[in-house]
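The values are calculated or read from the model by the stated rules, or taken from the named source; none is laboratory data. Nothing here was measured: the structure is a model prediction, and the numbers come from that model. Positions of Cβ are generated from backbone atoms using ideal geometry, with glycine treated the same way; all protein chains shown enter the neighbour counts.
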Amino acid sequence: MRRGRPATGSVVCSFGTVPVVDSILSEELLSEIVDLLVRVVEAAGALIIFTGAVIGFVRFLILAVRRRTPAAFVTVRLDVGRFLTLGLEFQLAGDILRTAIAPTFREIGELAAIATIRTALNYFLRREIRDEREELSRDQQPASGP
């Protein structure tokens, strides 16, 4: 077998001339890598949500023993909401990654539905966090009197 200079974008090996892209990143290998990345990103999102829930629960218990005012629990809700928002962002990133390689129309439709639901959840969570923050800051400002 003659081993001359390979054509641009290919490698000469014992099997013959193989395109570099196919030998390094076949669609199957790329799909496996993306599947692994999806699992990592989704696990990170789940871990963020779980961590926020645990921290929120512990803070809730501490506040339930020390203070029993409704305003004390608002900060716990705000913190849990921040963790939920961040975790949902990671989950959405995983969904987008999942459809990155040769998506079908069904997968694109599912992604659109999931993205819409998660984006709406994030929007309302962020709005509630903002409103609660504003309410807390109003409650903490001293009342101005004559």
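Worth pointing out:
- Some residue of the stretch 57-80 being under 11 Å from the mean Cα position of the chain (by Cα), part of a helix (DSSP H, G or I) and not aliphatic (A, V, I, L, M): no
- Selection count, the stretch 41-89, where residues are modelled with pLDDT under 90 and either among the small types (Gly, Ala, Ser) or in contact with a Pro (Cβ under 6 Å, 6 or more places away or on another chain) (or both): 4
- Out of Ile33, Ile49, one residue alone is exposed (fewer than 15 other Cβ atoms within 10 Å of the Cβ), in a helix (DSSP H, G or I) and of a type in the set (Val, Ile, Thr). It is Ile33.
- Some residue of the stretch 12-31 being closer than 25 Å to Leu121 by Cβ and at pLDDT below 85: no
- Hey, Ile117 surrounded by fewer than 16 Cβ atoms within 10 Å (Cβ to Cβ) and within 30 Å of Glu27 (Cβ to Cβ) or not: yes
- Checking each residue in the stretch 75-96 for being aliphatic (A, V, I, L, M), touching an Asp or Glu at 6+ places or on another chain (Cβ under 9 Å) and more than 12 Å from Ala44 (Cβ to Cβ) picks out only Leu78.
- Residue satisfying all of: in the stretch 95-146; over 25 Å from Arg39 (Cβ atoms) and in contact (Cβ under 8 Å) with a residue 40 or more places away in the chain; nearest to the chain's Cα centre (by Cα) among these: Arg126
- Tally of residues being outside any helix (DSSP H, G or I) and not polar (S, T, N, Q) across the stretch 87-146: 8
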